[in-house]
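Chemist: Here it is, the structure, as structure tokens.
Derivation of every value follows stated rules applied to the coordinates shown; laboratory data play no part. The shown structure was predicted, so the numbers you read here are calculated from the model rather than taken from an experiment. A quick note on method: Cβ atoms are made from the backbone with ideal geometry, for glycine too, and the neighbour counts reach across all protein chains shown.
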Amino acid sequence: MTPEVTIIIPLYNKENYILETLQSVSNQTFKNWLCIIIDDGSTDDSFQKANNFIKNDSRFILIRRPDHKVKGASSCRNIGIQLAKSTYIQFLDADDIISEEKIEDQIKLLQNENTFSIAICSWGRFGNEKKFYDNLSSYSDFKLPEDFLISLISSKGYFPIHSYLIHREIIELTGHWNECLKLNDDGEFILRVIANSYNIKFSVKGIAWYRWATDNNLSSFCSKNNVEKAILSWQLIEAQLKIKFEERVDEFIDWNKEQLYKNVKSSYPELLKKHYFFFIKSIKKDNNLLIFRIINKLEMYKR
């Protein structure tokens, strides 16, 4: 029987977390799935631990990334997509987990919807401490994907990639993961998917748990090259969203560019000059604020 869902897990040096992740897959109340784990050249015991866990369940497949394929999580996810034959795709990182009813509830929501509908669910962070976000404005159905994007401004700015369940046909239309990006590759990918979606359905039962501040977290601005990739990702995102939605999501784009500007300014400010025109709104806003503060100080001295 062809699996209805393919769960794709890129694996690299997650020996301390991979078993918990795989257990969350095994615990799913929905049973007709295939889980493809793609090892990206782990140098710890990740591969062996995963192999021991899955040996008695044929729904798991563990492979190594071929040497001729680009190294990285995005490349591994693309390998999984190419192998998938299912209707739906569930992405899951090797240190994150999903609640037992997550996939089942999202499939129920999507079965009678347009092929290009996508499902989301509530989410939280865990690790050193656990925090569940239980009252976000984005926890709702959205008839228009642009309305969902605007709601993200007041809802942490994003949903983790494993909170989504996506029809494979949307991915075939929008294209696979960008293997050149080392930072915000998940944001660039999912915003392409959202831009080509029909509507958004919210699962009240599913929860995606995102592990925060692990030793191998790709979210930090750890090098100038990574920051350059983050800027590139938002240049690509802005172009894609402008084509699809025109000015209807300008507020979402500007808000995210402002967050990126603050991070670049605090980490590698020299890149602001290189990307001046991309950050021009934030730079002008910053300069105006500085001028305002100077004027205020002068007024105080006059008194």
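Chemist: For helix 280-302, what angle does its Cα long axis make with the longest principal axis of the chain, in degrees from 0 to 90 and rounded to 10?
Modeler: 40
Chemist: Right, something else. Sort the range 1-54 into rounded, prolate or oblate with this rule: let a ≥ b ≥ c be the square roots of the eigenvalues of the Cα gyration tensor; rounded if a/c is under 1.5, and if a/c is not under 1.5, prolate when a/b is larger than b/c, oblate otherwise.
Modeler: Prolate, since a/c reaches 1.5 and a/b exceeds b/c.
Chemist: Hey, another quick one. If I take R0 = 41 Å and measure r between the Cβ atoms of ASP254 and ASN16 in this structure, what FRET efficiency does the formula 1/(1 + (r/R0)^6) give, to the nearest 0.05?
Modeler: Rounded to the nearest 0.05, the efficiency is 0.60.
Chemist: Still on this structure: Less than 10 Å Cβ to Cβ from ILE231, Lys/Arg counted +1 and Asp/Glu -1: what total charge do the surrounding residues give?
Modeler: +2
Chemist: Provide the net charge surrounding GLY124, with neighbours chosen by a C-beta distance below 13 Å and charges set as Lys +1, Arg +1, Asp -1, Glu -1. Spell out each step's value before the answer.
Modeler: On the way: positive: LYS102, ARG125, LYS130, LYS131, LYS156, ARG211; negative: ASP96, GLU129, ASP134.
Its environment carries a net charge of +3.
Chemist: Another question, if that's okay. Quick one: which residues, 5+ away or cross-chain, put their amide H under 5 Å from the amide H of LEU62? H built at 1.01 Å from N.
Modeler: Answer set, sorted by chain and number: ILE37.
Chemist: Given C-alpha coordinates of the range 1-133, what is the ratio Rg to Rh with the Kirkwood estimate of Rh?
Modeler: Radius of gyration relative to Kirkwood radius: 0.96.
Chemist: Give me the one-decimal Kirkwood hydrodynamic radius in Å for the range 120-257, with the sum taken over alpha-carbon pairs.
Modeler: This gives a value of 15.8 Å.
Chemist: Oh, and also: Please state, to two decimals, what the Cα-based radius of gyration of the chain comes to when divided by 2.2 N^0.38 Å (N = residues).
Modeler: 1.08
Chemist: Sticking with this one: Using alpha carbons only, how many angstrom separate the centre of the range 242-290 from the centre of the range 52-100?
Modeler: Distance between centres, Cα-based: 35 Å.
Chemist: Considering the chain as a Gaussian network with a 10 Å cut-off on Cα pairs, which listed residue, PHE126, PHE30, PHE277, attains the greatest mean-square fluctuation?
Modeler: Largest GNM mean-square fluctuation: PHE277.
Chemist: Restricting to bridges with both residues inside the chain, how much of the DSSP beta-bridge set is antiparallel, in percent to the nearest 5?
Modeler: Among the beta bridges of the chain, antiparallel pairing accounts for roughly 25 percent.
Chemist: Enumerate the calculated ³J(HN,Hα) couplings along the range 243-251 in order (Karplus 6.51 cos²θ - 1.76 cosθ + 1.60, θ = phi - 60°), each rounded to whole Hz, writing x wherever the residue is Gly or Pro.
Modeler: Values, residue by residue: 5, 7, 10, 6, 8, 5, 10, 4, 4 Hz.
Chemist: Please report, in whole Å³, the volume per residue of the convex hull around the C-alpha atoms of the range 46-120.
Modeler: Dividing the Cα hull volume of the range 46-120 by its residue count gives 135 Å³.
Chemist: Would you please put 89-100, 18-29, 64-75 in order of how densely packed they are, using the mean number of other Cβ atoms within 10 angstrom per residue and starting with the highest? Spell out each step's value before the answer.
Modeler: Details: 89-100: 23.5, 18-29: 18.4, 64-75: 14.8.
Highest-to-lowest ranking by the protection proxy: 89-100, 18-29, 64-75.
Chemist: Rounded to the nearest 5, what is the percent of antiparallel bridges among the DSSP beta bridges in the range 119-267?
Modeler: The answer is about 40 percent antiparallel.
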